Amino acid sequence: MRSIFIGILISACTEKGRPIHTHEGVRGDDRQKTEPAGNSGDISVSNRFSDLAEIERKATTASDVTSEILSPLALRILNLKEIESPKSYIQADWVRALDLFNRLILKEIAKSPSSGEVQRIIEEYVAAVSTSCEQVVMSCAGIRNFRRSPSSAEILKVAAKRAVDVTEYYRRLALALALKNQQFDPELLEMLTYRFAEGRNKMISDDRRALLKSVVEFSLSNLQMTSRSKTENREFLERLGTLNLIFRGDFGLSEVASGALLKLMASSGFLYDSSGKLRAEMISIITENLTEKEGFKERQNLLSSQRVFLPTAVGFSQLIILMNMSLSLIAFLIKKFRLSWEQNYF
């Protein structure tokens, strides 16, 4: 799963070799390019923060933290030449400065969420994290350096929420996952659903669909780490459009991701309505698969004539899994469609 995620993020990280960044209020087709501070190469800034203690002291008394602390720090921390330097990765003072920088950004966002200067710094931050991501992403300079601070992923989550273009939204979520070293994050799992319907409708090119799929699959592979109530899990599955995602369309989730969703559906009672009956949408999906020209019933008939019984061969493995989990679903299939596998196959 990790290698797939890394490969997809590579193709999504750039547009014609350059990072994509979407500013709040800017349409996806009017993207602006934001370069990290000092990217021009004519600024030589030392990454050795011998004055870090003084910066921390000033941060506690500054009347304007953004202009007095954040903007000067941005010139040093978001400097592309320094990020690409192998020396920056081994400098503990750089990591301490990054921790301080992240904390102050999050504090200023909470205090002044619409601050234009803080927004500019966040966009530069995204560009810095994307540094050298044309190659292997998990070892590219930006990810390698910024993931040393756990709070870096929090900045990318903020940046994702401010993205107008849906592709940029999921690209930033992918970067946040990489910064967390692909460890489970409940908020990232929820953010997955916020714009998923829009993403499925608009991210239709091969590379963009692959980006969306990679974020979805990695997030879903960690579903077992959730500790929410059945009601919360059902609401999550509803927002994700789970039945359509698994049984309709061409999204093609991996077995791991599909299995995680199916288990959550079974454990949360998602297959049933408030009266305890099988959901009407589930009945509709079963009916479609049993009656459509290329559906389960037609493929079953073909294999029946060959005396072959292999659920995966007829493309209905998901429902077979659900049948193993749900006695009422088995009873429904037997009663409504009078399936008799013993007669057909044995």
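Leaving out ligands, DNA and RNA, what percent of the accessible area of the stretch 179-282 is carbon and sulfur, probe 1.4 Å?
Working: 2370 of 4880 Å².
The C+S portion of the solvent-accessible surface of the stretch 179-282 is 49 percent.
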(message) For a 31 Å ceiling on Cα separation, which of these pairs sit above it: K180/K202; K111/K230; K81/K161?
(response) K111/K230
(request) Taking 7 Å along the Cα-to-C-beta vector as the label spot, tell me the F184-K161 distance in nanometres, rounded to one decimal. (result) 2.3
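Only Cα pairs under 8 Å and at least 6 apart count here; give the relative contact order of the stretch 170-220 as a rounded whole percent. Provide the component values of the computation, followed by the final result.
Details: 22 pairs, mean separation 25.9, N = 51.
The normalised contact order for the stretch 170-220 reaches 51 percent.
At 25 °C and a viscosity of 0.890 mPa s, what translational diffusion coefficient does Stokes-Einstein give for the stretch 143-232, taking Rh as the Kirkwood radius over Cα pairs? Give it in µm²/s as a whole number.
Calculated translational D: 182 µm²/s.
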(request) Pop the C-beta distance of E117 and K87 into the FRET formula with R0 = 30 Å and round what comes out to the nearest 0.05. (result) 0.55
(request) Pop the C-beta distance of D99 and K277 into the FRET formula with R0 = 30 Å and round what comes out to the nearest 0.05. (result) 0.05
(request) Compute the length gained on full extension between A197 and S284: take 0.36 nm times their separation in residues and subtract their Cα-Cα distance, giving the result in nm to one decimal. (result) 29.3 nm
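Under a 1.4 Å probe, what is the accessible area of the stretch 167-279 per residue, stated in Å²? Provide the component values of the computation, followed by the final result.
Numbers: 4770 Å² over 113 residues.
Ligands and nucleic acids excluded, the result is 42 Å² per residue.
The values are calculated or read from the model by the stated rules, or taken from the named source; none is laboratory data. Please read these numbers as outputs of a predicted model, since none were measured by experiment. So basically every Cβ, Gly included, is an ideal-geometry build from the backbone, and we count neighbours across all protein chains shown. Side chains are part of the model used for accessible areas, which takes the heavy atoms of the whole protein and leaves out ligands, DNA and RNA. Shrake-Rupley method; radii C 1.70, N 1.55, O 1.52, S 1.80 Å.
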